[in-house]
Amino acid sequence: MDKIVKNTPTVLYAYGSCNKVNRNSWESVAWCTKAFLRNCNGVLPWQTIKKPDALTKGHVEGLILVNTRGPIKIVDKEYGSAIASFRVHALRRGAQNNELFRLLEINKGWTRAQIAALVSQKLMLHSNFKQGFSDEASAVTFKGLSSTDFIKLKEGVLKLLTN
């Protein structure tokens, strides 16, 4: 993959799903991180908008929920009001981490392999991927993720960038 990306103008996105609502949202952050380290430009989650019952029933595709009741109203002409789930915030955090990694590439001349070696010192990105059918956009699952490890990684990268 490294040679293809290096020799061919390529834009790659990792297509899949965010973590299930009963799993750790740091899995979506890890998905973004792992995609970047594998030379992807971003992640593309399957389906994002669901009806309000996804607030109470939980739905893997309910990243943005159409809100028809309650005090929180974010109005959009096409969809009405909407609420972003915590998984949207997790995707944002993953993107922010990747922006810092990109700065290591640009400002320090690091390769993604070098960044992956750094990340592996703080995060266990061993994952599983199980599809119910051949073209299902399943979520990647990770074990042993903690917010503390992500914070330590971010702090370390920021120190590298400021020195």
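Listed values, structure above:
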| read-out | value |
| --- | --- |
| R0 of 25 Å, Cβ-Cβ distance Ile106-Trp46: FRET efficiency to nearest 0.05 | 0.20 |
| Centre separation in Å (Cα based) which lies between the range 90-122 and the range 1-44 | 12 Å |
| Loop sites in the range 98-163: chymotrypsin sites (Phe, Trp or Tyr not before Pro), DSSP, at most 15 other Cβ within 10 Å | Phe133 |
| Per-peptide average of other Cβ atoms within 10 Å, ordering 31-41, 118-128, 151-161 highest first | 31-41, 118-128, 151-161 |
| Gain on full stretching of the segment that runs from Gln114 to Lys3 - 0.36 nm per residue minus C-alpha separation | 38.4 nm |
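None of the figures in this text is laboratory data; all of them are computed from the coordinates on show. On a predicted model such as this, the values are computed, not experimentally measured, just so you know. For neighbour counting, all protein chains shown are included, and Cβ atoms are generated from backbone atoms with ideal geometry for every residue, glycine included.
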